[in-house]
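Input: a single structure, listed below in structure tokens.
The values are calculated or read from the model by the stated rules, or taken from the named source; none is laboratory data. Here the structure is a predicted model, which means the values were calculated and not measured. Every residue, glycine as well, gets a Cβ built from its backbone with ideal geometry; the counts of neighbours run over all protein chains shown. Heavy atoms of the whole protein, side chains included, go into the accessibility calculation; ligands, DNA and RNA do not. Shrake-Rupley method; radii C 1.70, N 1.55, O 1.52, S 1.80 Å.
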Amino acid sequence: MREVDLLQWRPRLRAGLVVERDEAELLFISTYDRRVKRFAATESVLRLIPLLDGENTVAELVESLCDESEELVGEVCGALLTLREERLLSKVAIPGGERPNRGLTDAQIGRYDRQIGLFQEFCDSELVDYDEGLAAQERLASATVLVCGVGGLGSVVASSLAAAGVGTLILCDDDVIEESNLNRQLMYSVDDVGRSKADVLAERLAGVNPQACLVPERRRIGQAYDIADLVEKSDLVIGCADEPSVTVMAEITTTACWPDTPHIIGGSYSYHVGILGLLVIPGVTACWHCLLATVAGDHGRDRTEPFLRKNRHTGILGAQSGVIGNLIAWEAIRFIIGMATALSNRWVELDYGPVSFSERVISRRPDCDRCGGG
């Protein structure tokens with residue numbers, strides 16, 4: 001950092017830090033990434049730490065703490081540089097990181113204040129490649145996400161994304177609300193029975209977030225071209241439909257999204273198992289066909305043929321669909337803001353009994369008839 005920049009820098013501690021004193025030492029405990037750092041501290045440094053709130057420039061801190069003593073100036077500036085190198089200071093206070101105005105209003109910034117603080121921790125931990133948490137919120141605001149199927153899983157996914165500030169949500173479903181849906185599809189009510197799920201969910205989510213653009217699409221998805229126009233408008237597609245089956249819908253979604261649109265497919269839940277699905281980034285990650293090829297031989301199923309299918313109306317609680325739906329929404333948010341994803345090249349299942357996760361690595365296959373990459 002240039003000397004002139006250092007003097008104008010307004011340093012502040014990361015929001016997730018707890019600082020404790022052990023006589024002449026300070027203990028910095030990061031509640032975000034569980035790091036613990038211990039440093040010896042002079043009296044000037046002990047006085048400095050409470051002032052690191054982003055309100056004071058380095059020049060102002062030096063003037064307040066150092067009484068024109070070159071030795072104290074060295075202590076203060078050295079401590080600041082050490083804190084910065086150890087990632088204990090927020091990047092948002094670094095000069096040159098001023099954010100251009102990209103359209104978020106003060107009301108929007110206030111609404112999303114708590115999650116912007118979390119996004120800032122992602123920035124400060126170098127989990128994303130930019131410095132200011134507000135930029136993550138702007139990415140959400142500019143994104144368009146298509147949710148195919150807004151029943152038990154899709155209504156949860158869409159609700160979480162709308163609340164988080166995704167700018168445009170396309171809600172695609174041709175089904176109507178039935179009374180048996182109400183134990184797990186909590187955005188719908190008794191008064192909504194017989195109405196379109198897509199229409200009702202758009203109305204409800206407009207009440208949750210009036211700033212979101214909510215587009216209901218009442219259409220049946222039977223083939224890839226049924227959603228081709230919607231996919232073309234979208235930055236991410238999330239497949240939550242299960243009619244005629246999750247597997248069939250995953251194939252349709254894959255075909256509709258290939259080769260340009262990232263998509264999450266295969267998410268489902270029933271009885272004691274919830275499946276988080278697979279995030280596919282075409283040309284980068286393993287695809288649905290890679291997954292099918294990987295599991296084809298499990299239990300000798302590559303030699304079997306269909307005999308009896310699972311009952312479509314499987315047992316489920318709303319709490320279970322809520323867990324899986326929110327985890328899928330969390331993966332979607334990670335992808336949109338440019339954070340490393342968790343469901344690419346991995347198939348993850350949750351066993352609701354012991355509440356334990358299992359996973360399987362799905363590698364991108366060089367001979368895959370869809371993505372054909374190493």
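Scan the range 96-116 and give yes if some residue there is under 30 Å from TYR225 (Cα atoms) and out of contact with any Cys (no Cβ under 6 Å at 6 or more places or on another chain), otherwise no. Looking through the range 96-116, none of the residues is under 30 Å from TYR225 (Cα atoms) and out of contact with any Cys (no Cβ under 6 Å at 6 or more places or on another chain). Confirm whether THR255 is among the β-branched types (Val, Ile, Thr) and more than 23 Å from the chain's Cα centre (by Cα). The answer is yes for THR255.
Just one of (1) open to solvent by less than 10 Å² (accessible area, probe 1.4 Å); (2) farther than 30 Å from LEU83 by Cβ fails for ALA163. It is (1).
Restricting to the range 319-348, count the residues that are within 16 Å of the chain's Cα centre (by Cα), of a type in the set (Phe, Trp, Tyr) and either open to solvent by less than 60 Å² (accessible area, probe 1.4 Å) or over 17 Å from ALA164 (Cα atoms) (or both). Going through the range 319-348 one residue at a time, the tally reaches 1.
Can we say ARG139 is under 25 Å from the mean Cα position of the chain (by Cα), open to solvent by 10 Å² or more (accessible area, probe 1.4 Å) and not β-branched (Val, Ile, Thr)? The answer is yes for ARG139.
Only a single criterion out of (1) in contact with an Asp or Glu (Cβ under 6 Å, 6 or more places away or on another chain); (2) more than 30 Å from GLY353 (Cα to Cα) is not satisfied by ILE275, namely (2). Counting residues in the range 95-104 that are within 21 Å of GLY165 (Cα to Cα), of a type in the set (D, E, K, R) and assigned to a helix (DSSP H, G or I) gives zero.
The number of residues in the range 55-78 that are within 37 Å of the chain's Cα centre (by Cα) and touching a residue at least 40 places away in the same chain (Cβ under 8 Å) comes to 5.
Against the condition open to solvent by less than 10 Å² (accessible area, probe 1.4 Å), touching a residue at least 24 places away in the same chain (Cβ under 8 Å) and either touching a Ser or Thr at 6+ places or on another chain (Cβ under 7 Å) or in a loop (DSSP other than H, G, I, E, B) (or both), how does VAL128 come out, does it pass? Criteria not met by VAL128. Do the conditions hold for SER64, that is, is it polar (S, T, N, Q) and open to solvent by less than 50 Å² (accessible area, probe 1.4 Å)? Against the criterion (polar (S, T, N, Q) and open to solvent by less than 50 Å² (accessible area, probe 1.4 Å)), SER64 does not qualify. Checking each residue in the range 15-50 for being within 13 Å of GLU75 (Cβ to Cβ), in contact with a strand residue (DSSP E or B) (Cβ under 7 Å, 6 or more places away or on another chain) and either surrounded by fewer than 11 Cβ atoms within 10 Å (Cβ to Cβ) or of a type in the set (Asp, Glu) (or both) picks out only ALA40. Close contacts from the range 349-371, counting a first residue that is farther than 16 Å from SER268 by Cβ and open to solvent by 70 Å² or more (accessible area, probe 1.4 Å) and a second that is part of a loop (DSSP other than H, G, I, E, B) and modelled with pLDDT under 90, with Cβ to Cβ under 6 Å and a gap of 6+ residues or different chains, come to PRO366/GLY374. Residues that are surrounded by 18 or more Cβ atoms within 10 Å (Cβ to Cβ) and not acidic (Asp, Glu) number at least 3 in the following strands (runs of 3 or more DSSP E) confined to the range 200-318: 236-239, 263-265, 268-270, 273-280. Checked across the range 87-102, the condition of being over 18 Å from LEU13 (Cβ atoms), without any contact (Cβ under 8 Å) to a residue 60 or more places away in the chain, among the small types (Gly, Ala, Ser) and open to solvent by 30 Å² or more (accessible area, probe 1.4 Å) holds for no residue. Restricted to the range 177-193, and to residues there that are in a loop (DSSP other than H, G, I, E, B) and among the hydroxyl-bearing types (Ser, Thr, Tyr), the residue that is most open to solvent (accessible area, probe 1.4 Å) is SER189.
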